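Structure first, then comments.
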Amino acid sequence: MAVFPWNEVSSVLLDMDGTLLDLHFDTHFWLHHVPTHYGEKNKLSFDDAKSELLGRYERMMGTMEWYSVDYWAGELSLDIAALKEEVAHLIDIHPRVPEFLSRLRQAGKRTALVTNAHHKSLGLKMRRTGLESYFDAVICAHDLGLPKEDPGFWDKLQQVEPFDRERTLLVDDSLPVLRSARGYGIEYLRAIRKPDTRQPEKDTEEFEALESFEDIMPEGDVRGEG
């Protein structure tokens, strides 16, 4: 992999789930923990509960509701926030992430966490990982009213976290998000090869992917202009 052109980058936008954090927590939560409790509540087998939920999930993917703890709590009559706490021990940071974030700070790069995660999920994960202190800003898409997949998201982001799209790096495990950002003109885009460490590698299609943050770890004098 070619050396990343850090001297040309002034802002770094980082996704949370699957990018900085292992997606295994979310995979387990939505595909095992929630179906288990939904089945128990509604007297369904695990397989029937999971099948029903998969259909519901698919209909909502890419919307703000898909990411909302409160939406799913109302839809499923389950305390989703409490259920997440039950399996919070599964929340884990991808390798080299704290070092990468520290290097960004040392290099003077403006670094923002930009996530579709609901406030309740974001709060839980920041408490468990202690990553929040590494960021200059933490932006929750629920505050802006649009998910990152929506082309209109990026103008809204500019209003609260201004960035030069030609000097910005976005790292995200979602291909729809990366395509949305590319359409907005964000110059440097990287996908994640293995968002969930317990699942096979992901086909990131037209996007260059990181095996780990070691691939683009800033070194030496990379402050660049501005």
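The values are calculated or read from the model by the stated rules, or taken from the named source; none is laboratory data. These numbers come from a predicted model, not from an experiment. Using ideal geometry, Cβ is built from the backbone for each residue, glycine included, and neighbour counts are taken over all protein chains shown. What goes into the accessible areas is simple: the full protein's heavy atoms, side chains included, and nothing from ligands, DNA or RNA. Shrake-Rupley method; radii C 1.70, N 1.55, O 1.52, S 1.80 Å.
Just to confirm my filter: which helices (runs of 4 or more DSSP H) fall fully inside the stretch 1-114 and include at least 1 residues that are of a type in the set (Val, Ile, Thr), within 18 Å of the chain's Cα centre (by Cα) and closer than 21 Å to GLU149 by Cβ?
Correct list: 24-28, 69-76.
Let me spell it out: the conditions are (1) open to solvent by less than 40 Å² (accessible area, probe 1.4 Å); (2) of a type in the set (D, E, K, R); (3) out of contact with any Gly (no Cβ under 8 Å at 6 or more places or on another chain), and GLU65 meets all of them except one. Which number is the exception?
(1)
Which residue is surrounded by the fewest Cβ atoms within 10 Å (Cβ to Cβ), if the candidates are limited to the stretch 103-135 and must be among the small types (Gly, Ala, Ser) and in contact (Cβ under 8 Å) with a residue 12 or more places away in the chain? Explain how you work it out, then say what you get.
Step one: of the stretch 103-135, the residues among the small types (Gly, Ala, Ser) are 107-108, 112, 117, 121, 123, 130, 133.
Checking which are in contact (Cβ under 8 Å) with a residue 12 or more places away in the chain leaves us with 107-108, 112, 117, 121.
On the way: ALA107: 19, GLY108: 14, ALA112: 20, ALA117: 23, SER121: 24.
Filtering first and then ranking leaves GLY108.
Of the residues LEU76, LEU122, LEU83, LEU144, which is under 30 Å from PRO218 (Cα atoms) and not small (Gly, Ala, Ser)?
LEU122
Against the definition (in contact with a His (Cβ under 8 Å, 6 or more places away or on another chain) and either surrounded by fewer than 16 Cβ atoms within 10 Å (Cβ to Cβ) or of a type in the set (A, V, I, L, M, F, W, C) (or both)), how does LEU21 come out, yes or no?
Yes, satisfied.
So which residues in the stretch 25-44 are touching a residue at least 40 places away in the same chain (Cβ under 8 Å), touching a helix residue (DSSP H, G or I) at 6+ places or on another chain (Cβ under 9 Å) and open to solvent by 30 Å² or more (accessible area, probe 1.4 Å)?
If the condition is that a residue be touching a residue at least 40 places away in the same chain (Cβ under 8 Å), touching a helix residue (DSSP H, G or I) at 6+ places or on another chain (Cβ under 9 Å) and open to solvent by 30 Å² or more (accessible area, probe 1.4 Å), then HIS28, HIS37 are the ones that fit.
Evaluate the stretch 52-67: report whether one residue or more is polar (S, T, N, Q) and modelled with pLDDT of 95 or more. Let's see the steps before the verdict.
Applying the first criterion (polar (S, T, N, Q)) to the stretch 52-67 yields 63.
Narrowing the set further to residues that are modelled with pLDDT of 95 or more leaves none.
No - not one qualifying residue is present in the stretch 52-67.
What residue, among those in the stretch 184-204 that are part of a loop (DSSP other than H, G, I, E, B) and in contact with a Ser or Thr (Cβ under 6 Å, 6 or more places away or on another chain), is farthest from VAL97 (Cα to Cα)?
ILE186
Is there any pair with a first residue in the stretch 154-183 that is part of a loop (DSSP other than H, G, I, E, B) and a second that is surrounded by 14 or more Cβ atoms within 10 Å (Cβ to Cβ) and not small (Gly, Ala, Ser) whose Cβ atoms are under 6 Å apart and which are 6 or more apart or on different chains, and what are they?
GLU161/ILE139; ASP172/ASP15; ASP172/THR19; ASP172/LEU178; ASP173/THR19; ASP173/ILE192; ASP173/PRO195
Determine if the stretch 155-164 includes at least one residue that is β-branched (Val, Ile, Thr), at pLDDT 95 or above, farther than 23 Å from TRP30 by Cβ and open to solvent by 40 Å² or more (accessible area, probe 1.4 Å).
The answer is yes; a qualifying residue exists.
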